[in-house]
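Below is one structure, written out as structure tokens; comments come after it.
The values are calculated or read from the model by the stated rules, or taken from the named source; none is laboratory data. Remember, it's a predicted structure, so these values are computed and weren't measured experimentally. Every residue, glycine among them, receives a Cβ derived from its backbone with ideal geometry; neighbour counts consider all protein chains shown.
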Amino acid sequence: MTRRRGWLPVIVGIGIGVNTARLRGRLHALDVIDLQGGDLPGEPAAERSAHTRYVLLTTPGIRLSDEQRRAATAHAHSRGLDVLDIVPARLPPGRVLDLARMVDPTTYRASRLARGRGAGFALLVDRDLLVRAGVATADRPRFHDRTEITDLTEAEMVAAVQLGKRHAAANADLAVLPGLIGPDADDGRGRLALQQAAYAWEPLLRVLPALRDGAILTGASAR
């Protein structure tokens, strides 16, 4: 029995290696927004229409320059997206790991049944989608007729991503924005809020890493 338990950390270690490769592959599959692609082709009127089409939602402290916003808008518009989760190019390691665990970029857009998930810091949403969803109506001044909203909590950002994916199942995606900086550190509260909202209907996924670590400790103590 002891010998069997001694194999447990070996098996778990192999599983961790495979999972690490899987998560790394997901991160490499993320699109990267071209900062030189902010000029949309076509007539000037069409370009102005594209740049006013989207509402930018961010959490406090996340700021996009005019160049970054134009590039993100052009990226979303050229790919026919109604929702674009903008992933900061620099994030704390824990947030990078959370993103890789939550989203598979290779299937996210095509999977109409996928739950809306993202980095949770910045989001471009089609203005008409917000109206159709009943969010940007005249009786809700926080969202009505706005081009940018900069005070969303991380739980609200998760809700916005989920709303966007629900109303634009095949036209929601993620992309990394070069030069955009996320929080320098994470005290855990933001990650907890994000995980609670993202895994509200899948609580087991939040505890799997702890179960894995427990299995390793159990196997190590058996030696």
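Working only within region 129-149, note down all residues that are assigned to a helix (DSSP H, G or I) and either in contact with a helix residue (DSSP H, G or I) (Cβ under 6 Å, 6 or more places away or on another chain) or without any contact (Cβ under 8 Å) to a residue 12 or more places away in the chain (or both).
As a first pass, look at region 129-149 and keep what is assigned to a helix (DSSP H, G or I): 129-132.
Matches in region 129-149: Leu129, Val131.
Which number in (1) over 21 Å from Arg127 (Cα atoms); (2) modelled with pLDDT of 70 or more marks the one condition that Arg109 misses?
It fails just one condition, (1).
Need the failing condition index for Arg95 against (1) assigned to a helix (DSSP H, G or I); (2) closer than 15 Å to Met157 by Cβ; (3) touching a strand residue (DSSP E or B) at 6+ places or on another chain (Cβ under 8 Å); (4) of a type outside the set (Asp, Glu), just the number.
Failed condition: (3).
Anything in region 150-167 that is without any contact (Cβ under 8 Å) to a residue 60 or more places away in the chain and either of a type outside the set (A, V, I, L, M, F, W, C) or under 13 Å from Tyr54 (Cβ atoms) (or both)? List them, or say none.
Across region 150-167, the qualifying residues are Glu156, Gln162, Arg166.
Which of (1) more than 20 Å from Thr153 (Cβ to Cβ); (2) free of Cβ contacts under 8 Å to residues at least 60 places away in the same chain is the odd one out, the single condition Gly118 does not satisfy?
Checking Gly118 against (1) more than 20 Å from Thr153 (Cβ to Cβ); (2) free of Cβ contacts under 8 Å to residues at least 60 places away in the same chain, the one that fails is (1).
Quick one: which residue in Thr137, Thr153 is surrounded by 12 or more Cβ atoms within 10 Å (Cβ to Cβ), of a type outside the set (A, V, I, L, M, F, W, C) and over 22 Å from the mean Cα position of the chain (by Cα)?
Thr137
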